[in-house]
Amino acid sequence: MNIPKQLSDLIGKVTGLFAQEIIQIASNRLLEYQLQEYARCSATKTMLHRIYPVPLKRFYQPLSLEQKKNSERISTESYTMLAKSHQYLTILGSAGSGKSTLLKYLFVDCYESGYKIPLKIEFRHLNSFAGTLADFVFNEIFLFQKLGISTEIVERMLNSGDFALFFDGFDELDSNKISDVYVQFDAFVKRFPSNSYIVTSRPYTSIEMLPLFDNLKIGEMSREEVVLFIQKQVDSVEKELATKIIHTIETSKNDHLDSFLKNPLLLSMFILTFQAYSTVPLQLNEFYFQVFEALFSLHDVQSKMNYERERRSRLPKGELVGVLECFAFLSYFESAFAFSKSYINEKFNLIKREIQDTTKFDNDNLILDLKVSIGIFVEDGSRFAFSHASLQEYFASRYIKGLSEKNKIAFFRNLIENIYEVPFLVLRHRLFLQLMWEIDKRSATKYFIVPFLTFLIQKILLIKPKNRQEEFKIFQLIVWYYSTVDLDGSKINVFHEATMKYFELNLNINNSLSRNYALPIEIERKVDWQLIYGGLIHFKELMNDHLENIGLNLDLEEDRDSRMLFLVGKGPKRD
């Protein structure tokens, strides 16, 4: 590995007759960037290693990629081998599947192998950036304006083909940014086609259909990989703990076990909570509850002879959770996933002033508690984030559960309207909706599922003849909902199998559809509009019967509750 020489050779090659001073400035800037990013990626904190950064390669279990479920698995152990067979690569995975950690691993491996010069860009930074993606790369990585480096030098460098560009988290872009950044990224690749590119994202964000890019999904971990993962995650001095965890997994008869343990995040959570619970919960919300309990109660206990770190804010647990729920709700629905200290202070002050005016705390002390005493916040440079984004969704869903019936109705009505305007949101809120369903099933049914399906039926009834934009918009929303969320578990075969296959192959509709639904002519010509319209009518007919059944079930539940209240009222009174 000799990145400094590699950089100076490249810069000398592409700058030609430029002054040696300019060459040295450019070389120093890129070397500084490389060292900073390498340090950030090569040692990191995780759900299980929250106090000090741990060398990535000590605990990381390489994941496999696949084109579709149960297809041939593609190794990610060597960036060089991966890049040689996939110059343009999109890595897709659900929440907690390990996309960002995999990208860190590939960045580190690329750096250490010297195969190419790696650059890493997180899409979320573009949410608060005023320029284009190319402007971000030029200004924030190369700093050509501040350092006086000519844009021509940067152009030549990026056209050399000596770079590997790693773009993380396309799904973390604000919904009003996705369409523009999609176009900008495609233009950037066309402008500098000789480099290698890797993009990570959750599925169904339109990034899947970028020209030239191979789409590979993160494969579920095999039982053998699960064992290796546990052995690497658990400290070598705790081999007995690793053995117990593995034995529990291998002997468990829990039907939900596989779905939990094939996901690196959930497996990490299981390891974290094992000593306290030693079981696999049946639902995700129970899992997240156990994780928070472990973070809150067990921090430092295992490693510091039962010493429990003092909480500086001195907030009782219930009040601290209340603040955390409010903050998670506010930040999540503002699409804020990484927070400056000023942002946290703004929200904490709002919570104290408007929401929980009886709760008193010092902002700095609470931030310290969340970062150090509990470990639910992590700090990266000047920004903070939840130790995993899914915890933010968990606490946001808990906040909704505590709302009055009137406010729940208002919240879900607004959510349905937003989802209709921007169908992509049904994908972004997938985990949130699932947690909301588990935590407060009756409210989710009464105030989201029933109104949402009724709303879709009404929209179908109002479609004017051959209004293809509206037909496709509703069709797209229904397929996304039932292919990713399906809260009520109906798994209704709404559409003909051929229609579903068609739609899966045509997710290349740019996300601008979410706003103006201007179907490209070449796509419109391919669509079997008769089949789509027939599918919508079939959906309407099925949903009418389905909604009637849901209504009957809700009535039965309320009748049971009424009988219970009656029995309590008739029962013996206590002094």
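For T101, T200, T251, the ranking by accessible surface with the largest value first comes to T251, T101, T200, using a 1.4 Å probe. What the Cα convex hull of region 337-473 gives, in volume per residue, is 140 Å³.
For A134 and R560, calculate 0.36 nm times their separation in residues minus their Cα-Cα distance, and state this gained length in nm to one decimal. Don't skip to the end; give the middle numbers.
Details: separation 426, 0.36 × 426 = 153.36 nm, distance 6.06 nm.
Contour length minus the Cα-Cα distance gives 147.3 nm.
Each listed q (0.18, 0.19, 0.29 Å⁻¹) maps to a log10 I(q)/I(0) for region 394-442 from the Debye sum over equal C-alpha point scatterers, namely -0.55, -0.62, -1.20. Stretched out straight at 0.36 nm per residue, the stretch from D545 to L212 would grow longer than its current Cα-Cα span by 115.4 nm.
What does the charge count near P211 come to, summing +1 for each Lys or Arg and -1 for each Asp or Glu among other residues with Cβ under 12 Å from its Cβ? Provide the component values of the computation, followed by the final result.
Values: positive: K190; negative: D186, E208, D214.
Net charge around P211: -2.
Its convex hull of Cα atoms gives region 58-146 a direction-averaged projected area, equal to a quarter of the hull surface, of 7.8 nm². In this structure, the amide hydrogen of S64, modeled 1.01 Å from its nitrogen in the peptide plane, lies closer than 5 angstrom to those of G219, counting only residues at least 5 positions away or on a different chain. With the simple spin-label model, which puts each label point 7 Å out from Cα in the Cβ direction, the K239 to K317 separation comes to 3.5 nm. Using a simple spin-label model with pseudo-atoms 7 Å out from Cα toward Cβ, E334 and L282 lie 3.9 nm apart.
Suppose the chain between N159 and D357 were pulled fully straight at 0.36 nm per residue; how much longer would it get relative to their current alpha carbon spacing?
Numbers: separation 198, 0.36 × 198 = 71.28 nm, distance 5.69 nm.
Once the chain is fully extended between N159 and D357, it gains 65.6 nm.
Computed about its Cα centre, the charge dipole of region 75-201 is approximately 160 debye, with only Lys, Arg, Asp and Glu carrying charge at their Cβ.
In the complete set of protein chains, residue-level accessible area for E541 is approximately 100 Å², probe 1.4 angstrom. Estimated at the nearest 10 Å², the accessible area of S160 is 40 Å² with a 1.4 Å probe. The alpha carbon centroids of region 355-408 and region 325-346 are separated by 8 Å.
Using the structure shown, select from K84/K239; K104/K473; K347/K441; K99/K408; K190/K459; K68/K341 the pairs with a Cα to Cα distance greater than 32 angstrom. Among K84/K239; K104/K473; K347/K441; K99/K408; K190/K459; K68/K341, the Cα-Cα distance tops 32 Å for K84/K239; K104/K473; K99/K408; K190/K459; K68/K341. Accessible surface comparison of H86, H125, probe 1.4 Å, protein chains only, largest first: the order is H125, H86. Sorting the Cα pairs of region 306-380 by distance into bins of 5 Å, from 0 upward, gives 3, 15, 29, 28, 16, 6, 2, 1 percent per bin. Once all protein chains are placed together, R383 keeps about 90 Å² accessible to a 1.4 angstrom probe. For region 117-229, the spherically averaged projection of the C-alpha convex hull amounts to 8.7 nm².
The values are calculated or read from the model by the stated rules, or taken from the named source; none is laboratory data. A quick note: this is a predicted structure, and the numbers were derived from the prediction, not measured. Quick reminder, even Gly has a Cβ in these numbers, built from the backbone with ideal geometry, and neighbours come from all protein chains shown. These accessible areas exclude ligands, DNA and RNA; they are computed on the full protein's heavy atoms, side chains included. Shrake-Rupley method; radii C 1.70, N 1.55, O 1.52, S 1.80 Å.
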